[in-house]
Structure formats: C-alpha cells, structure tokens
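Reviewing the structure listed below.
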Amino acid sequence: MSALVEPTLAPTRFERVPVGVFASSLEASQAVARAAAELIRARQREGRAAVLGLATGSTPVSFYAELVRMHREERLSFANVITFNLDEYQDLPPRHPQSYHHYMRIHLLDHVDIPAANAHVPDGTLPRAAVDAHCRDYEEMIRAAGGIDFQLLGIGRTGHIGFNEPGSPRRSRTRLVTLDRLTRRDASGDFGGEEHTPRCAITMGVRSILEARRIVLMAWGQHKAGVVRSAIEGEPTTQISASFLQEHDQAQFVLDQAAAGALTRYRTPWLAGALEDQGRSWDERMTRRAILWLSQKTRKPILKLTDDDYNESGLQDLLQVFGSAYEANLAGFYEMQHTITGWPGGRDPARTRPGDAPVRPLRAPSAGVFPKRVLVLSPHPDDDVISMGGTLCRLVEHGHAVDIAYQVSGANAVSDQSLWRALLFARDAGPAGAESTRHLRDLCSAYEANGVLPADADVTRLKSLVRRHEATAAAHICGVPPGRLHFLGLPFYEAATTQRRQLTDCDREIMRQLLSALRPHLIFAAGDLDDPHGTHRLCLHVLRGALASCAPESWFRETELWLYRGAWAEWELDEIDLAVPLSPQEVLRRRRAIFQHETQKDQALFLGDDRREFWQRTEDRGRRLAEAYNGLGLAEYEAIESFKRYSAEEFLHHAPL
Ligand code: F6R
C-alpha cells in the first residue's frame, strides 16, 4: 500500500503511531480508497483474494463513493474481494434503514461486482442463545479467508473501534456488547431519539481487529479531535480501544485538519520544536494561544508571567520575538481585553461619550452602522437562548433590528408524554364538538391506551407546534416579537427517522431566501459541532451553501458572522473574538427564557452525560468562562457569552466543518 502520511508536517515525538493529515476529508478518503484499490489490483495480478475489513457510519461514506467511482470509471473489479464488517446492531433486521447490512448495500455492495457470498456482516437478528456460536463462526470465517489484509476503521467519541467501548480488553474477540451511553446518544439522531436506539451490538473484538495485516483508522471533524489525540498521544488503554493501534506495526491514522486539531503539533506546536521548522510563525493567533496556554499552565494572570515562565515552558522563541516577558504579556493581555464588549452590535453614536473605548471586535465594513440588521440562527428552537440568550437581550435593548430563524422543527425531541399533556389542555379548553377537538380526543385516547402516540406526520406537526410556541415565549422574554421569528422547518430534519439525513437544494434555498430578504449586517449562528445528533453541523452546511449563492448580492461583503457554541462545548480561549459579559440580572433573564422550553426538561434525562438541564449547563459554561477570563487577570464578571468571528468570505472557505 502506498504511504499515506502527509508530506508537509513531520510527525512529532508525541505521536505514538503514524498519522497522515489531509486538507479535507474528501482528499483523505480518496487517498485511502486508492490504497485499498492498489491492494485489490495487486491481489488480482497474483490470482488471490483481497480480504477487506470494513466499517460503517458517517466517516467512510466518501471512501465507498470513491471505490464505486473507480469501479465505474476505472474498471476496478471486486470479483476477488472478500469483506468482513466490523459490527451490526443487535435485534435490527437487515432491511432496517439503519442496519449496517442496509448501509453496506447502499454505499458499496449494490454498486460493484462483488459476489454476494463474499460479503459478510455479523447477523444481528439471532436469538441471544445463538449469538456466541455465531461470533465464533464469524472469526472462523475470517481465518478461513486467510485473515484480513486491510482493516478500515472509524473512531467513536468514546474512542471505540468497532463497538469496543471503554473497558474492552486488548484480548477481546467478536462478541455481543452493550453500547456506551455516548455512542447511543450520537446514533440517536438516526434512530429518531435515544429510546429507539439499539442497546446492544455484535462487534469484532480488539484482538480480532489487531490481527489484520494493515489498519487504517479515519477520523473527520472537530468533534473527534479530543479522542483522536488521546488515542495517538496517550498510553494504550482499555478506556480508548483505538489507542491499541499503537501496538500494531502497520497501523495508521488518517485525519482531516479538524480531527487533527488537538494534536500537539497543531495545538501547542512550540512543544514539538521551532515553529519555523514546522512551516509556521508567531502570528497573532499563535502568540495569543501560547500566552494563554502559559497563563493557564502556571495559573498566573498574564501580566504576572516572567521571563523564567516563558523559558521554562519551551517559549524561549516567543520571548525572543518580543524581547521580554513584559512586552509579550502586554500584547497577550490587550488581545484578550479587546475581545470584551457590552455592545455586541456596536456602539450607539447617540449614546457615545468622548473617551468611550471603540467596540474593537467588530470589523466588517458595516461596523459603524447603527442600528444593525441582525439575524440569529438557531438550529433547534432553544439554541438561541441556551447559547446566546444574554447577547440576544442586549442586541434588542440596544435597538438593533433582530430576527431569529429557527432552522429545524425540533419535533424529534418532544416526548409523547409532553405532547399528550399539551393535547389534554387543547382538548379540554377548545369548544366541544368541533372536528379538531374530536381529533385531539382520539389522540389522547390512543396515548392513554397504548402509552405511545402514533408515529405519523400529524403527530410530528403537533410536536413542531409545541416547540414553536415555546420558542415564541422564550423570544418574547428576550424582547423579540412573534413577527420577527422565522420557523424554517428545514426538510432534512424531517427525514431523520427513516433514513440517513441528507441536505438538499431545498434546504439551502429556504435559507437563501431568508438571507436575501433580511440582508443582515450580523449573523449569529451555531458553530457547535459537538451536538449529539449532528443537526448543528448540517445547519452550518446549509448556511454555507446559502451564503455561497448570496455572494453576488451587495450586502454579502458587508456581513459579519459570529459563531457561538451551544450546550455541549465552549470555544477555546484563544479562539474567542467576542466576549459579551452578563450581569447577574441578565443571567436570570436568560434562565427565564430557557425555562420556556419545558418539553426539553425531560430530554436532559436522556441526553446529558451528567443529566444536567440546559439552563444549568448554560450557566455553568458562562460562569466557567468568566472565571477563566478572571484567571487571566481580566475583569471579574458573573458570566460571559463568547463568539468567534468570520467574514462571509472567510466562512465560505474556512468554516470549521
Ligand atoms: C462502524 C463502527 C464504529 C464507527 C464509529 C464512528 O462500523 O464500527 O466504530 O466507525 O462509531 O462513527 P461515525 O463514522 O459515524 O462517526
């Protein structure tokens, strides 16, 4: 197989296994597909079979698409290929749209000339008593085929390979396992909720995987960066089964830049050697990152860092750039100080007094425009108040024209129990005898008899309605009237329960029309790519697609984009461009707004690792960030909401997707 390691950046001594970093997941997938194709062709020339171990999930989709393209356009034959899949959900029939049998058919097997008998996926339909024997047979079939030549892997956020969840021993073999909570949460979007997501799966074991002759683990996206770093730079541990690849002499990680982002060579490259040797320099970002890192590491406010602190922590070069710790400290301190403003949309010229500091974070050509047209994009109906409720109130108070667009309906996160309660109210409050009241009465009876509501389009519509009313009430608390709310109901979300979610032009067109109509000076959008169901990521894709088609419009060059992080993660300090401090009263007002999303309270029981409700997560996050700013030696606030800036142009080309 050809070497896959990226030529430009040498691996560092921190990495315990070869790593290839590619500019995009598409390029990386194509490189891995070429390597697999080379193996298949080499084996054809020898008259032998090529045995592939295969993974499913979102990661290898482009890999399979490239293999299919090579089959169609470059006559790559699969006649000599034998495949073994890593895993399958237990109790899911092969025809189920989320089964891995189905996945393999639609992504590969139906499109190439592989003999049907050569493709193997564990059988998830057997009674429990028959599973152990099936697992032993599966291993035996792999051995009989001569063992796996090329094993493809993805990595879960628990660090699993296959479904070898934390705690899986190095010696584990193919077996039935219980899925980790986080894994189920990540899969729940595809199954229409965690309660419908399988609890168990059959998976090849760690040992079975490590017996492959060659292993390539692929990972894309920022949400994998942390676990990828642990797997590559940490000790091998049963807590992260992917870390065992370090013990294989033909294993390699293939990453896109976002997934590689937490590796030492990217995150703290000064520890890996001189920056120039790594093709980098002490630009503004890198300088800020190093100074913040040092302040946090030494637990000293920035302005108290000394020459010795810099020297002893491997930042001698940075000290040379500034000449002294004093100068470096000032630069780092003011960079952070200038992220803070209580005027997130800019200052009102009528209320500006001589001597008022300029609002530095705003940079777009429209920075001086007041009031501004502001569009807040909220993937789900509660992300706006959860993630930036305080800033939202400020923008309205300052007199900006604020519109909020709710991108998806959020109906999937309304439990039947919550809807039933709303139906009871509507049934009992409405005029008796009306046709609609009869319908509601029937639905209530159905719930009372069966404990569930029918999973049909009408129930989804009613659930959307519930969330719509909650969002309207929350926006009202923030001062945004119903006439300025836009419920986009992007169609990709509605298909979630029956098939893998896919964006279409229709999603992008709905968003484009809104942007063209509002011509916003400022767009606030969710850059929180760690949300459990991937909805935020898809919403960001929709925004990018829509903005691309708005590029010729005059407002496009004037617009500035601010990405917020949601309930699941916070920006790293060095990524923050705008920090909006909140007073204790503003924190309470935001809490009241979040409280309007009543149906989401019981969701916290299913979703959060720590089962904390969204308002608690929001407040913890805002308080922690305020403490972090304070720890750097900046002012002490009750809470802070933070944002990262992109011009529309930058966003199109460097969005963190
Ligand atoms: C799939 C599998 C899993 C996935 C992993 C990543 O067959 O075995 O280990 O590779 O969960 O999933 P995605 O690619 O969806 O992020």
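Coordinate-derived values only; no laboratory data. These numbers come from a predicted model, not from an experiment. Virtual Cβ from ideal backbone geometry, glycine too; neighbours counted across all protein chains shown.
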Which of S549, G355, A471, positive extreme of dipole for the chain (C-beta unit charges): A471
Simple Cβ-charge dipole of the stretch 306-437, Lys/Arg +1 and Asp/Glu -1, about Cα centre, in debye nearest 20: 860
Net dipole in debye of the chain [+1 Lys, Arg Cβ; -1 Asp, Glu Cβ; about Cα centre; nearest 20]: 360
Ascending count of other beta-carbon atoms within 10 Å, so fewest first, for V587, V228: V587, V228
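For the residues Y138, Y310, what sequence is obtained by ranking on other C-beta atoms within 10 Å, fewest first?
Lowest to highest Cβ neighbour count: Y138, Y310.
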Highest average packing first - 443-452, 159-168, Cβ atoms within 10 Å: 159-168, 443-452
Dimensions in Å of the stretch 60-199 - Rg and Dmax from alpha carbons: 15.7, 46
For H101, H120, H380, order by how many other beta-carbon atoms lie within 10 Å, fewest first: H120, H101, H380
Label-point separation, D442 to A274 (7 Å along Cα→Cβ), nm: 7.9
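Rounded to the nearest 0.05, what FRET efficiency do A517 and V61 have when you use their Cβ-Cβ distance and R0 = 41 Å?
That gives a FRET efficiency of 0.75.
What length, rounded to one decimal in nm, is gained on full extension from D348 through to A426, with 0.36 nm per residue of separation minus their alpha-carbon distance?
That pair, D348 and A426, stretches by 23.6 nm at full extension.
What does the charge count near S172 come to, summing +1 for each Lys or Arg and -1 for each Asp or Glu among other residues with Cβ under 11 Å from its Cβ?
Net charge in that neighbourhood comes out at +4.
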Amide H within-cut-off set for N85, under 5 Å, with H built and near neighbours excluded: L54, H120, V121
Dipole magnitude of the stretch 167-212, debye to nearest 20 (Cβ charges: Lys/Arg +1, Asp/Glu -1, about Cα centre): 380
Computed P(r) (all Cα pairs; the chain; 20 Å bins; percent): 17, 47, 31, 5, 0
Virtual spin-label span in nm between A551 and A401, 7 Å along Cα→Cβ: 2.7
DSSP-assigned coil residues among GluC sites (Glu not before Pro) in the stretch 625-656, each with at most 11 further Cβ atoms within 10 Å: E636
Spin-label pair T306/I106, simplified geometry with 7 Å Cα→Cβ offset, distance in nm: 6.3
Full-stretch length increase - L503, N450 - with 0.36 nm per residue and alpha-carbon distance subtracted: 15.6 nm
Fully extended contour minus Cα-Cα distance, from E140 to R95, at 0.36 nm per residue: 13.6 nm
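I need the GluC sites (Glu not before Pro) found in the stretch 31-109, filtered to DSSP loop residues with at most 12 other beta carbons within 10 Å of theirs.
E74
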Efficiency of FRET between T178 and E27 - r from beta-carbon atoms, R0 45 angstrom, step 0.05: 0.80
Of L440, G226, N311, farthest towards positive along the dipole that unit charges on Lys, Arg, Asp, Glu beta carbons give the chain: L440
Contact order normalised by residue count of the chain, Cα under 8 Å, 6+ apart, percent: 13
Listed residue (F492, A290, I240) projecting farthest to the positive dipole end of the chain, Cβ model: F492
